[in-house]
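Each remark here refers to the structure printed beneath this line.
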Amino acid sequence: MFEEYTMSELTSIFAMQGFAGLILFSVLVLMALGLAIIFGQMGVINMAHGEFMILGAYITYLTSIVFSEHLPDLFSGYFFLAMILAFLGSFFLGAFVEWSMIRHLYKRPLDTLLATWGLSLILQQLYRTIFGAREVGVSIPDWMMGSYPITDLIEVPINGIFVMVLTLFISLGVYLIMFKSSLGKQTRAVVQNRDMAGAVGINTEKVDRYTYAIGCGIAGIAGSAFTMIGSTGPTAGQLYIVDTFLVVVFGGASNLLGTIASAFTISQAQSTLEFFLSGSMAKVLTLLTVVGILMLLPQGLFALKIRR
Amino acid sequence: MFELKDYHVAYGQSEVIKNMNFTLNPKEIVAILGRNGMGKTTLMKSLIGMIPSSKGSVTLQGKELKAMKSHERVASGLGFVPQGRMVFSTMTVQENIETGLTSTKRNSVPDDIYSMFPVLQEMRKRRGGNLSGGQQQQLAIARALASEPSVLLLDEPTEGIQPSIIKEMAKTLKQIRTQRNLSIIVSEQVLSFALDIADRIIVIEKGEIVLDTPRDAVDESKIAAYLSV
Ligand SMILES: Nc1ncnc2c1ncn2[C@@H]1O[C@H](COP(=O)(O)OP(=O)(O)OP(=O)(O)O)[C@@H](O)[C@H]1O
Ligand SMILES: [Mg+2]
């Protein structure tokens, strides 16, 4: 498939497609971070994760509308506020869902799977009722549009870089929370041994609520980023949940670096292959590669080396 | 100060701890002896709230603990060192101890814990899971002490530990009792360790107390008979 291109053309194609994949990469990293935190923490596979992302996307959309109608002068900065609001919205919805539903289902993994799947349907219907079935798009402020030329063949999209930098900061923040803060220590202790964590004085229920809510909040931020590559509709989250699972499994669940590396691999493979092949062929190839690697490394890309 | 009254614990229909009554005095060390499967671990886990009790009351300084979650019991003054240590294996030694600080206002490990267990200070950056069994035991004790308990519960601390280190552990525990003014309940199968450390010895058989005697009045052969099959 590469024959008809010269070497320098190929380099630029790879570079351009790579940059084009940056937002997808960011969305996948953020989604996977949230999903992995929730799964690692509570053994809950959050089937509604895509809907938490879409909540963030709708919040971003609403923020953009409010700014363009009432605060047009400040429109160029709306995205920052939108991300924060998206986080908060999904965070509080997550905390509420944990409190009202999930905490009653711990130790019953299949039930949580069904329950969160049901939740995803409920949320989709809610979105449809509130926002309508039509997909909505946000207008991106001028300074984030366009791209920055590096060579005459290679251009870098500005919003891609912006979202990626933000994502890396958020990942760093998550890393600091998980490994440096007291909440993170408590979370990891609960992950390892819930009963024992309680017996050293950790309020495991509170830790669960925070973790679930933070995971959902990060999905909300992913939703903000998502508005730049797709249009927001009630079921748009469904398209991303499978890829996100893939990233988590491939990265070796509960490993931050693994998650980032695996999101990078998958989004880049996807984006590059899409240039040469059809979208579904690209997906098939990506999947096959992931399955192949998982057969060689069942723990995922990165696994901790300790005695168990 | 720590009191069990008509205390029962059951797994479903099968009652493992039956009608237990005893009072632990301040600064007292009580050894609970019993053969395999006699209910020592069940008793300990229920005291810390990992499994519910089915009947009776358990009070610490007059406060009823029965309905409390584990973390609330820790905040009320219980500390727990489980059978098999259960250190958090992927977390570092220091982090393991820090988890014990959750119920306190502190956020760094107090120096006296490290001076009690110098090995832990040396290895504080290593993962808990990579320590030897004896070192993990010290870590589990340090982690429990970090929550500043008034009653320390230890479940078979000598399991899988060589005799010379067992002797040292008895010394350390007695030292901890004096330094920190706490009471200790320790479950055991090793009679010599129990005699070494305890002020009072209780033998349980099928979940019931069959002997409760001060250390000084102990008839060793009688206890040995209970412990042999
Ligand atoms: N989760 C459980 N469900 C049902 N029965 C249990 C459970 N755990 C323990 N038992 C039973 O309760 C009884 C007491 O067990 P326990 O673990 O308390 O004994 P132990 O005195 O600690 O023994 P060991 O010296 O071997 O540690 C045993 O008969 C055991 O089979
Ligand atoms: Mg036991």
Computed over the Cα atoms of the protein assembly as shown, the Rg and Dmax in Å are 28.7, 96
Exposure-ranked with fewest Cβ neighbours within 10 Å first, A:Ser181, A:Ser231 stand as A:Ser181, A:Ser231
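Working out 0.36 nm times the residue gap between B:Glu205 and B:Asn21, then minus their Cα-Cα distance, what length gain in nm do you get to one decimal?
Values: separation 184, 0.36 × 184 = 66.24 nm, distance 1.41 nm.
Net length gain for the segment: 64.8 nm.
Computed over the Cα atoms of segment A:167-227, what is the ratio Rg over Rh, Rh following Kirkwood?
Value, to two decimals: 1.06.
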Quick numbers on chain A, Rg and Dmax over C-alpha atoms in Å, give 19.9, 66
Counting only backbone N atoms under 19 Å from a point 7 Å out along Cα-to-Cβ of A:Glu9, the residues of segment A:269-286 in range are A:272-278
When A:Met281, A:Met7 are ranked with the fewest other C-beta atoms within 10 Å first, the list becomes A:Met7, A:Met281
Across B:81-89, the residue-averaged tally of Cβ atoms belonging to other chains within 10 Å stands at 4
Computed for segment A:25-237: size of charge dipole around the Cα centre, +1 on C-beta of each Lys and Arg, -1 on C-beta of each Asp and Glu, debye to nearest 20, value 880 debye
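What FRET efficiency, computed as 1/(1 + (r/R0)^6) with R0 = 30 Å and r the Cβ-Cβ distance, is obtained for A:Lys206 and B:Thr59, rounded to the nearest 0.05?
Values: r = 25 Å, r/R0 = 0.85.
It comes to 0.75.
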Quick note on A:Phe39, A:Phe250, ordering by fewest other C-beta atoms within 10 Å, gives A:Phe39, A:Phe250
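Determine the alpha carbon to alpha carbon distance for each of B:Lys18/B:Lys66; B:Lys63/B:Lys171; A:Lys107/B:Lys40; A:Lys185/B:Lys55 and list only those over 23 Å.
Working: B:Lys18/B:Lys66 16 Å; B:Lys63/B:Lys171 31 Å; A:Lys107/B:Lys40 26 Å; A:Lys185/B:Lys55 35 Å.
Among B:Lys18/B:Lys66; B:Lys63/B:Lys171; A:Lys107/B:Lys40; A:Lys185/B:Lys55, the Cα-Cα distance tops 23 Å for B:Lys63/B:Lys171; A:Lys107/B:Lys40; A:Lys185/B:Lys55.
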The extension gain from A:Ser181 to A:Leu168, computed as 0.36 nm times the residue separation minus the Cα-Cα distance, is 2.8 nm
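Roughly speaking, what is the stretch gain from B:Ser14 to B:Ala67, that is 0.36 nm per residue apart minus the C-alpha to C-alpha distance, in nm to one decimal?
Values: separation 53, 0.36 × 53 = 19.08 nm, distance 2.10 nm.
Going from the current span to full extension adds 17.0 nm.
Rule-based calculations on the coordinates, nothing more; no lab input. The structure presented is a predicted model; accordingly, all values stated were derived computationally and were not measured. Cβ: placed from backbone, ideal geometry, glycine included. Neighbour counts: every protein chain shown.
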